[in-house]
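Some notes on the structure that comes next.
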Amino acid sequence: MLVQRTGWGKSIVYFIAARLLREQNGNKGLSLLISPLLSLMRNQIEMAERMGIHAETIHSANTERWDAVEKQLLGDEIDLLLISPERLANADFYGRVLQQVAPRILMLIVDEAHCISDWGHDFRPDYRRIARVLRLLPRNIPVLATTATANNRVVEDIRQQLGEELHIHRGALARRSLRLQNILLPSQAERLAWLAAHLDTLPGSGIIYTLTVADAERVTRWLQTKGFDVHPYHADLENPLREELEQKLLHNQVKALVATVALGMGFDKPDLGFVVHFQRPGSVVHYYQQIGRAGRSLDSAIIVLLGGEEDDEVINYFIRTAFPPQAHTEAILRALRQSPEGLSIVEMERKVNLSRQQIDKVLRLLSSETPSPIVQTGSRFVLAPVPYSIDVERIQKLTALRRAEQEQMQQYMQSAECLMLFLQRALDDPHAEPCGKCAVCIGNPIVSPMVDEQTVREAVHFLRRSEIPLEPRKMWPSREGLSICRGQGTIPESLRAEEGRALCLWGDAGWGALVKRGKYNHGFYSDELVEGIVDMVKRWNPQPVPQWVTCVPSLRHPHLVPDFARRLAESLGLPFVPCVHKVRETRPQKEMQNSFHQVHNLDGAFEVHSWEGMAKPVFLVDDVVDSGWTLTVIAVLLRQAGSGAVFPIALAKQVLRGG
Amino acid sequence: MDALQTSTQVATLLCAHTGNDPIQPLTQSEYVRLVGWLKDKGYPLEELLSPDIYLLLLEGEEPTGLPAERLKALLERGAQIALWMEKWSNAGMWIAGWEDAEYPPVLHEKLRKQAPVLLYGFGNPDLLQQGGLAIVGSRHTSENLLESARRIANRCAQQSWAVISGGAKGVDRAAMLGALEEGGTCVGVLAADLARIATSYTLREYLLSDKLCLVSPYHPQSGFTAGNAMGRNKMVYALAELALVIACEKGKGGTWAGAKENLQHRWTPLFVMVGEDAPEDNLALLELGARAFPTHIEGLLREQLLSLVHSAQVGQIALPIEV
Ligand SMILES: [Zn+2]
């Protein structure tokens, strides 16, 4: 195992090893490189080519190349095949391709090997499988594991998993060119203002990291309105676009990418001039890996960590949801115990009230166990004949570790000693020493922490105009018919809602706090929010222009939303017609965890009483949107009762997602 | 599952079928030949994992008749074998080679060169070394005979005597469930589909409670062939202390062939059901040396049957004098 900082040249080690092994073997056979991220692979393949090594990759985003690559594989023309751990675990890929070439694998290379360890900062269940495969390998197949970030605990854990025969080569981690500074600016508006004021002073092109996708989008839009050439980068973007954005950054054609962790491991730009964190990451290992992308070939690169008031809330959410709650795991296992034929994921959705994501999380956790209580055959999961109880202790230990890491980052934010020294110590670097160039060492800020009030006000204003589109649902969730328009398959376009708008993200720094207060403290949404929506409608200008307003009824809070909708209608100068009625109490939608249960919870719960003016387009108002099924179902009922186009409006949309 | 011991690892590389094997894995006899030659030369099997093995393989080409290229290719498929093995081993499957503690010595003693190179199994491997009564019979049998099989298995269970079954439909399954449902232990020796059967709903609890061991000399997803069935039968007889044929068809089918092979090799003393429910063809086994299963039997089944076996042997020797 090779532990060397990013940019040290680990890939050259395995390129040469792969080439030599193949030459020794009469130019037959290949090495298999397992690596978690596609962005990494693109760079590596280019580098291999420059070294005269034929490397290829097969992954979910290059299906058009598969046939060609497969042909080359079978023709034994490839030195090095790069695949993701997920590909390796994919049954179809394994059966069709890998089994064909697997007899000729001369060496296995596991990149980002810290993922093998539970203690690593981004443990991936698929890596557990890799560790098991490595344990089963005979000794005539060499294995090379590489990582840039592994503290002692992680290294020891990997040694335990892979066996005592593991040799560890470890180098120093510090990068001399990095100039570190931390700036605490509690509100998002202040941090937006800081970016607008100082982005220009940062050298070259760089990366601005955010914790969530929504933040990456917002920060980008703000900076764009301020005239900066920046783009968002996160897991929701299509691969070709991500590739294009990486290229732009590589060639200094943008000032910065505003990115989540998706712009990750192995992205290699030697002259990256700066890294700014808009929010504080969850661990030192994470943080160091992200800032380690800067200044590889430069004398100086600027690293700023902005800390804010929402950091801990977001990190806490990630920690809380990292492992599925025990009840979810038990529900899945119970459902499997009751199913002699096993269950597909779709069948699980019906049997247990869990979202697809929650089910996936449970399945990933269970498959990562050694041995695993479940096994997949085709598309079905069945119980394996192994004893199993949920490893509560492991989960508690890991959660405690995540908390400790979070605390360490909080301390780092406040550190009174050399910032680089702090990071190196936290990473067990034996070569740790004061850097002499961070803001603490020189006793002065490197970049001014000041923001001017005018820009802060503009940022608040911006946040208050950051409405979120509400995409209409197009498909019913199940084959089983609902009573609503024999609901199955596609929702006919004539019955679908139009694209709507939410005023803000739940709890954000613009309107979010006001909506939260209205819902939980006052039981009343203020006139300020009415004005906010009126402005939003002006910017939005939906066509055909809605001529009346109605709202989502509730038996639990009969006045909250109708009262708000009435005031909104008044301000818009439109009639308010509460023609949607709730005829049956439902459980709160937020307790319904997947589409199947969400829609069934609503089926038959509403009635629309038609009125003479209803053929005109309408605004359908609700307060907080989560899955969007309530708006979808009511839109269908309105259209069936003869209404015109239905434009949903919500006060807030609930989202909190990294990646 | 932990790393295999080296000799088992080598056996897996050379002999395991994965369902997709561009190079033909070694047959039983080829493997025996190779191991014999290495032993004569004084090379341990583990040597085959050394880096410079090709010259040794070339040296062995003539005496073993095994091309060095083929052996080399098989020895190099470690990644494929590991990837393939991981899935089922993580679902609880174990693999035992000749030198593993899980491998029952009785297979070496009785089957010698035909002792399977690899055993794939789920559940408690200790059960393989506890003897037991093999209860065999064809897939399609009358309800009455299935009931007999179940009853006898029940009785074995009550008397803490293990049942060995072929794990197929019909008599095999009746015997297996007869033992398990009565709280007894059972070894199911499978000719095919080990993985599917081991994850089946009915058997999971018994595997978990260590009452059942499912074992096969064939890879966990192999399909059924007549050849596999015969290989399986050998193991059923070899693992058992005594065997009982519930029903067979004279000159036809696996039960007949297996019973006949057992009698020829004297792997284990053989009883056969006789009486009104039993098919007339069963009687043909008596002519080949099987004993009639007593219609009424009191007390401990194992001891009674063993004493019958002993007295018959004594009787055979004494026979000419009496006449
Ligand atoms: Zn310093």
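If a/c stays under 1.5 just call it rounded; otherwise compare a/b with b/c (prolate if a/b is bigger, oblate if not). Do that for the stretch A:320-393, with a ≥ b ≥ c from the square roots of the Cα gyration tensor eigenvalues.
oblate
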So for chain B, what percent of the C-alpha to C-alpha distances run longer than 26 Å? 49
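Only bridges with both residues in the stretch B:123-310 count here: give the DSSP antiparallel percent, nearest 5. Could the numbers behind the result be given before it?
On the way: 2 of 20 bridges.
The antiparallel proportion sits near 10 percent.
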Percent of all Cα-Cα pairs per 10 Å bin for the protein assembly as shown, counting from 0 up to the last occupied bin, reads 2, 10, 15, 17, 17, 14, 11, 7, 4, 2, 0, 0, 0
Amide H within-cut-off set for A:Ala301, under 5 Å, with H built and near neighbours excluded: A:Leu178, A:Arg179
Compute the separation of the alpha-carbon centres of the stretch A:610-646 and the stretch A:361-415 and state it in Å as a whole number. 43
Output the antiparallel fraction of DSSP beta bridges having both residues in chain A, as a percent to the nearest 5. 15
Rule-of-thumb Rg ratio for the stretch B:123-310 [Cα; 2.2 N^0.38 Å; N residues]: 0.93
Hey, can you grab everything whose amide H is under 5 Å from the amide H of B:Leu242? Only 5+ residues off in sequence or another chain; H modelled, so Pro and N-termini drop out. B:Gly132, B:Ala134
Taking chain B as the reference, fit the longest principal axis to its C-alpha atoms, fit the long axis of helix B:253-265 to the helix C-alpha atoms, and give the angle between the two in degrees, 0 to 90, nearest 10. 80
Amide H of B:Glu249 versus every other amide H placed in the peptide plane: which residues, excluding those fewer than 5 positions away on the same chain, fall under 5 Å? B:Trp256
Averaged over its residues, how many other protein chain Cβ atoms are within 10 Å of peptide B:14-27's Cβ atoms? 2
Determine the shielding of peptide A:104-114 by partner chains: average, over its residues, the number of Cβ atoms on other chains within 10 angstrom of each Cβ. 2
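What is chain A's relative contact order, in percent, from Cα pairs under 8 angstrom and six or more apart in sequence?
12
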Would you mind getting me the FRET efficiency between A:Ala61 and A:His431? Use the beta-carbon distance for r and R0 = 51 Å, nearest 0.05. 0.85
Can you work out the Karplus-derived ³J(HN,Hα) for every residue in the stretch B:269-278? Use 6.51 cos²θ - 1.76 cosθ + 1.60 with θ = phi - 60°, whole Hz, and x for glycine or proline. x, 10, 10, 9, 5, 10, x, 5, 6, 6
Give the lysines reachable from A:Lys255 as a straight Cα distance under 20 Å; neighbours fewer than 8 places away on the same chain don't count. A:Lys226, A:Lys269
So how far, in whole Å, is the C-alpha centre of the stretch B:179-207 from the one of the stretch A:166-240? 58
Given a 10 angstrom Cα cut-off, can you work out which residue in B:Gly167, B:Gly178, B:Gly227 is the most mobile in a GNM of chain B? B:Gly227
A correct Karplus calculation of ³J(HN,Hα) over the stretch A:228-234, with 6.51 cos²θ - 1.76 cosθ + 1.60, θ = phi - 60°, whole Hz and x for Gly and Pro, returns 8, 8, 10, 9, x, 9, 7
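What quantity of accessible surface, computed with a 1.4 Å probe and excluding non-protein components, is buried in total between chains A and B, in Å² to the nearest 100? Write out the running numbers ahead of the final one.
Working: alone 28510 and 15650 Å², together 40900 Å².
What A and B bury together is about 3300 Å².
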Could you state the angle between the C-alpha long axis of helix B:6-15 and the longest principal axis of the C-alpha atoms of chain B, as a value from 0 to 90 degrees rounded to the nearest 10? 80
Between rounded, prolate and oblate, where does the stretch B:6-90 land on the alpha carbon gyration tensor, with a ≥ b ≥ c its root eigenvalues, rounded for a/c under 1.5, else prolate if a/b exceeds b/c? prolate
Which of B:Leu203, B:Leu270, B:Leu306 ends up with the largest GNM mean-square fluctuation for chain B, with Cα atoms connected below 10 Å? B:Leu306
Among B:Cys248, B:Cys213, B:Cys15, which one moves the most in a GNM of chain B with springs linking Cα atoms closer than 10 Å? B:Cys15
Between the stretch A:445-467 and the stretch B:58-113, what's the alpha-carbon centroid distance in Å? 69
Partner chain coverage, peptide B:200-211 - average Cβ within 10 angstrom: 3
If one takes the longest principal axis of the Cα atoms in chain B, at what angle in degrees, from 0 to 90 and to the nearest 10, does the Cα axis of helix B:301-322 lie? 80
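If R₀ is 60 angstrom, what is the calculated FRET efficiency for the pair A:Ala400 and A:Gln224, using the beta carbon separation as r and rounding to 0.05?
Values: r = 41 Å, r/R0 = 0.68.
Step by step, r from the Cβ atoms, then E = 0.90.
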Taking A:Asp622, A:Asp452 and ranking on accessible area (1.4 Å, protein atoms only), highest first, one gets A:Asp452, A:Asp622
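The values are calculated or read from the model by the stated rules, or taken from the named source; none is laboratory data. Please read all numbers here as calculations on a predicted model, not as lab measurements. As a convention, Cβ positions derive from the backbone with ideal geometry for all residues, glycine included, and neighbour counts pool all protein chains shown. In case anyone asks, the SASA skips ligands and DNA or RNA and just uses the protein heavy atoms, side chains included. Shrake-Rupley method; radii C 1.70, N 1.55, O 1.52, S 1.80 Å.
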